[in-house]
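Below is one structure, written out as structure tokens; comments come after it.
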Amino acid sequence: IAVNGQGLKVNRATMDLDATAVLSDDAGKRKLVVTTSGSGVGPRGNSFTRTGSYTVERDLTTACISLDGQWALQVGVLTRTTSVTGLERCDNMCPAAGGQIVHKGFLGRTVTVTLDGSAVAHWESSTGRSGTVDLTCF
């Protein structure tokens, strides 16, 4: 699957976008591997680039879905990134233990969200702050 768009209007920005995806199915296990890249100009005239690559897997037998990936946004010399590893959720359950989301902002601060299989996600910041977020699992 290949997608290309030029001059797209997104949140008051104008951007060009390229994305490719490979979808496979092996005995009821579907896998989508996606790579994206784009560039454009934001509403204040700042140029930016976006890149990402991720894999989504869905097991039709167990009704579970997983996500692993990474995304980056660069505006001038500033970059922010998000990575997701081991995120998995089955129908009628909370996300499985071991999943993690790490976001690093433009100023270098990092927030890490860790999943432990319960209805509560734990987060920790590089500034020393931490807390929890209640999840709606159904």
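The values are calculated or read from the model by the stated rules, or taken from the named source; none is laboratory data. On a predicted model such as this, the values are computed, not experimentally measured, just so you know. Positions of Cβ are backbone-derived with ideal geometry, glycine not excepted, and every protein chain shown enters the neighbour counts. Note: accessible area is taken over every heavy atom of the protein model, side chains too, but ligands, DNA and RNA are not part of it. Shrake-Rupley method; radii C 1.70, N 1.55, O 1.52, S 1.80 Å.
Is it true that Thr81 is open to solvent by 50 Å² or more (accessible area, probe 1.4 Å), within 28 Å of Ala27 (Cα to Cα) and either modelled with pLDDT of 95 or more or over 15 Å from the mean Cα position of the chain (by Cα) (or both)?
So Thr81 fails the test.
Across the range 14-33, the number of residues qualifying as in contact with a Ser or Thr (Cβ under 6 Å, 6 or more places away or on another chain), surrounded by 14 or more Cβ atoms within 10 Å (Cβ to Cβ) and of a type in the set (Gly, Ala, Ser) comes to 1. Filtered by the rule that a residue be modelled with pLDDT under 95 and either over 26 Å from Ala27 (Cα atoms) or open to solvent by 80 Å² or more (accessible area, probe 1.4 Å) (or both), the range 48-74 gives Leu60, Thr61. The condition of being acidic (Asp, Glu), open to solvent by 60 Å² or more (accessible area, probe 1.4 Å), modelled with pLDDT under 95 and under 30 Å from Asp134 (Cβ atoms) holds for Asp91. Of all the listed residues (Val102, Val133), the sole one being open to solvent by less than 60 Å² (accessible area, probe 1.4 Å) and in a strand (DSSP E or B) is Val102.
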